[in-house]
Structure formats: structure tokens, C-alpha cells
Amino acid sequence: MELYSPIMAFILGAVIGSFINVVILRLPEGESVVYPASHCPHCREPLRWWHNIPIISWLLLRGRCFYCSSPISIQYPIVELLTGLLFASISLKGGLSLQSLVVALVFTLLLALSLIDLRFKAVPDSLNLLALTLSLFSRPNIVEALRDALIMAGAFALLRFYVSYYVSKREELWVRRRIEEAPWLRDYYPKHIMVEAMGEGDIMVAGTIGAVVGIQLAIVAIFLAALLALPASLYNRFAKRELELPFIPFLSLGFYLSYLFGDQLLESIGLV
């Protein structure tokens, strides 16, 4: 059973990952994830059952449509592989249980949110709220999960206000210096500057993290996310690239590491 648990979990995850690909591509565009059935985005031909076998079909078709030979994005097998690995690793951590399934689904939704955030710089509330709702059932005590979710969401909301205020004031000082140097620019800048340093979606993800791993590990997860985001942030700054850095992918990765290696992380910082 110990040998087959991660294998079965991987297969289930890969199958769910196949559907998640549809969600990632259709939901941000406002399209139904159910209808029409899977089809080639180029020639619009409906796919046969053997075109939809996770990972294997992409390899058999050599990454091209069976009908028109148009290239099939490598995103499809990568998402299926990652989802399978998510399910397998979580089954190794918690065994084959209902709670492990819930946690695996939460991480799968966060994977979808991360890819959508990277591509569109915005995330659908429907997926985010679904992940938050499922996370409340990831622990035996739903009340404790709800409490920790509310604490982390509230703490992140306050952090958002403080960071946004700091960034806005810094931007305001920069604008004032520009106007002092060139008064004619006054009409081109707003009188009041407000920069949102973090999105509302990040707050919901923080609540999800708190519900699954509790307060201590949630703080560790957010700290890890900040460390992981630092190189990308520095690159944007020194390369002078005015790119909005999505934070949900880093939050999700920090969350995943804190879930898998929570005991070791707490022990290393002296909290256990």
C-alpha cells in the first residue's frame, strides 16, 4: 500500500491537472470550462479520448495536433506533471485520506492561480475563494482552521495597508521632486497618489495558508515567499524593468515548502 499510494495519487493528480489546464486557459477569458468539449485551439476539431491522456498523449503526438499538426503548448504536460507530483508528495506526507485529498486540491487551485497570475497579473476570485473554502476542511478542527484563516487574512490586510502607505508616500516624494525640477509637469501628475502594494487575492491566499498549516507555519511560509521573490524583485529594480511582480506564485511555493517540511523548518528556527 505504501508503494502504490503515491502512484495512485500521481495518476489522480495528473487527471485533475488535465482539467486544470482547461480552467487556466478558459476561466480568465470568461469562457465555460465545461462546454464546448476539449478541442484544438487552431483547427477547432474536437479531441478524441486518446488525445486527452495526461502527459502520455502529448508525448505520443510529439507536441502537435493530430489533425492540423499545429504545436501544442508544453504547458499541458507540465501542469499535468506538476499536479501529479503535488498529489504524490502530499500522499507521502499525509497518506491516502480525505484531508490529504483536500490539501492536494487546495495546492492544485493555487497552482492554477499562480499560472493565471503570471500570465494576466490578476486572479479570478472564484478559484481563490474555492481554495480558501476547501482549506477550512484540511484539518480535523474546522473552527481552528477558520480562526487561523481569519487571523492570517486580517494580518495580511493590515500589512497591505502599511506597505501601500509607505510605497505611496515614497512615490509622492518622487513626484514632488520632479515637479520642483519642472513645474510644468504639475498638471500631468495626480494630486493624491495611492499605490496598491499587494492585491486582494494575496489576502485570501494568506487565509488559505493559515487554515491549512496554522499561524506559526503560515508566518514561515510568507517569510519564505518573500525570500523567493527577492531575486526577481532585485532583477526588476536593477534592470529598470517596470514589471508588476505577481506574489501569489511565491506565496504558493513558500506554502508548499512549509507544508512538506514544517517540522524541520520550525525546529531549525527554534520553535519546536
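The values are calculated or read from the model by the stated rules, or taken from the named source; none is laboratory data. The structure presented is a predicted model; accordingly, all values stated were derived computationally and were not measured. Glycine also receives a Cβ, built like all others from the backbone with ideal geometry; neighbour counts cover every protein chain displayed.
So the values come out like this:
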quantity	calculated
Qualifying residue in region 26-39 (condition: assigned to a helix (DSSP H, G or I), closer than 24 Å to Leu115 by Cβ, of a type in the set (Lys, Arg) and out of contact with any helix residue (DSSP H, G or I) (no Cβ under 8 Å at 6 or more places or on another chain))	yes
Residue in region 96-109 that is at pLDDT below 90, more than 17 Å from Ile20 (Cα to Cα), over 13 Å from the mean Cα position of the chain (by Cα) and assigned to a loop (DSSP other than H, G, I, E, B) present	yes
Among the residues listed as Leu134, Leu92, Leu158, the single one being within 27 Å of Glu29 (Cβ to Cβ) and part of a helix (DSSP H, G or I)	Leu134
Subset of region 238-262 that is surrounded by 11 or more Cβ atoms within 10 Å (Cβ to Cβ) and over 18 Å from Leu118 (Cβ atoms) - its residue that is modelled with the lowest pLDDT	Gly262
Residue in region 29-37 that is surrounded by 14 or more Cβ atoms within 10 Å (Cβ to Cβ) and assigned by TED's automatic domain parsing to the domain that holds Pro77 present	no
Verdict on Glu144 being in the same structural domain as Phe247 (by TED's automatic domain parsing) and either among the acidic types (Asp, Glu) or farther than 25 Å from Ser258 by Cβ (or both)	yes
